[in-house]
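> Structure below; questions to follow.
The values are calculated or read from the model by the stated rules, or taken from the named source; none is laboratory data. Everything numeric in this text was worked out from a predicted model, so none of it was measured. Cβ coordinates were reconstructed from backbone atoms using ideal geometry, including for glycine residues, and neighbour counts include every protein chain displayed.
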């Protein structure tokens, strides 16, 4: 018997992210630890924004069992939310028993630490009171019939009482029955506080979305933001930030600079906006017209995406002539839950970035630490064709071509962007049978270089972590591939050694051996064949003759 040892080739190939001792999920598996993990994740939102902890497990799942385990994971998520809300009484729940709109007036209590300027002692409008309360009206329109669409309607920046009265008019005008309306009242609505995108408001939106997705009377694929004036600005920002949860948005009497709301992110949702022709304050009509121009250009290069309806209403100003009918356009649209084509410019709102968007999860962003987050951001492009995944990751830089100065404001009007291939950053691509055929070979190419080729192994950790990340019944993913752009490697738990790279040898680490099918051997190989020897993070091929 002859033993030959060959070092493995470094570079684009990558070793599967094998668990220490992968084992099939037992039929009688106790999900209590999963439920408790979900509760731990939810507890993190009591005093801060939602940031789930990482769940670790060595259990793999047979392809035939993926659907059943996916359903069970969502069941445990619902159980954790119910225990967290009802039994422990640690959070206020989205009102469950609904009356006809304006329905119930209830509230969420927002942690003071998330309020604007909390850490700026010299800010003249710093909030020094107790936790803020965001009151909201929630109720139904029409006769409830199964799961209904929900419209989150954001008011303008006038006195709250008159703004809410106006929102009731807007809701009544909409031809969208049967439906549910959620109309919040901005807390602490003074001066620079009057914004719908601050971290404190993100805390509310993520709670509302999470709770809405657990309800049988709300259609999780028909969730929409709408808003008027300041509410339109908020709607446009939130559309680009939360596009993966939305079917469509309808800002009215607004016009947000696209630097603050990247239009690229709108590829898979419906964007409808109405602005008066004479609404020129802060460039609203100009910015709305430019959004139409920009979206037209995006759609020209990507005809299957960027559905939009931009209306400049002739002869009217900021009040749109009293006509706020836009919800009927949105109600026709349903969410694209697992698009095979994703465009995501990962931007910050109030200094906070999303860590996930559709099936992508960011571990480390690609722009430099010193980058101006308003003008330099990581941009992800994902295209799936069959089982081939093509990713492009760039650093996008925004250049302002035209500015508008009015009153005390200077606003970027027209922009263009440059893209440089990213050379750093890490991210994860979650996958399920809704995106690829997991039982077949998956090929991943990043920035033109093949980084992964293999049959992915469904596993419990990916299911739990994706459920906690997205809290979405359509995005409980069974497998994933991790990509490190600095080393240009990709790895995922596979059913065999399809991709291999050498790492740094640790002479003190124990040696283990695997077949090319990924089966771990007990002891050293003795039967003629090809094996993989692994010591620490280093691997090499062993040939027994």
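> If you take just the strands (runs of 3 or more DSSP E) that sit entirely in the stretch 358-425, which of them hold at least 1 residues that are over 19 Å from the mean Cα position of the chain (by Cα)?
Filter on the stretch 358-425 gives 376-385, 388-406, 409-421.
> Something else: In the stretch 157-254, which strands (runs of 3 or more DSSP E) lie fully inside it and hold 3 or more residues that are under 21 Å from the mean Cα position of the chain (by Cα)?
Here the list reads 218-228, 248-252.
> Looking at residue 372 and the list (1) modelled with pLDDT under 95; (2) within 19 Å of residue 426 (Cβ to Cβ), which single condition is not satisfied?
(2)
> Here is a further query. Of all the residues that make up the stretch 395-439, how many are free of Cβ contacts under 8 Å to residues at least 40 places away in the same chain and closer than 24 Å to residue 355 by Cβ?
5
> Quick check on my filter: what residues within the stretch 27-59 are at pLDDT 85 or above and in contact with a strand residue (DSSP E or B) (Cβ under 8 Å, 6 or more places away or on another chain)? Outline the logic, then answer.
Let us first name the residues in the stretch 27-59 that are at pLDDT 85 or above, namely 27-43, 50-59.
If the condition is that a residue be at pLDDT 85 or above and in contact with a strand residue (DSSP E or B) (Cβ under 8 Å, 6 or more places away or on another chain), then 29, 57, 58, 59 are the ones that fit.
> Next question, about the same structure. So residue 353 ticks every box in (1) closer than 23 Å to residue 220 by Cβ; (2) free of Cβ contacts under 8 Å to residues at least 24 places away in the same chain but one. Which box is left unticked?
Going through the list (1) closer than 23 Å to residue 220 by Cβ; (2) free of Cβ contacts under 8 Å to residues at least 24 places away in the same chain, residue 353 breaks only (1).
> Let me ask another. For the stretch 469-476, state whether one or more residues are at pLDDT 75 or above and part of a strand (DSSP E or B). Step through it out loud before you land on a result.
Pass one, the stretch 469-476, residues at pLDDT 75 or above: 469-476.
Right, trim to part of a strand (DSSP E or B) and you get none.
No, the conditions are met nowhere in the stretch 469-476.
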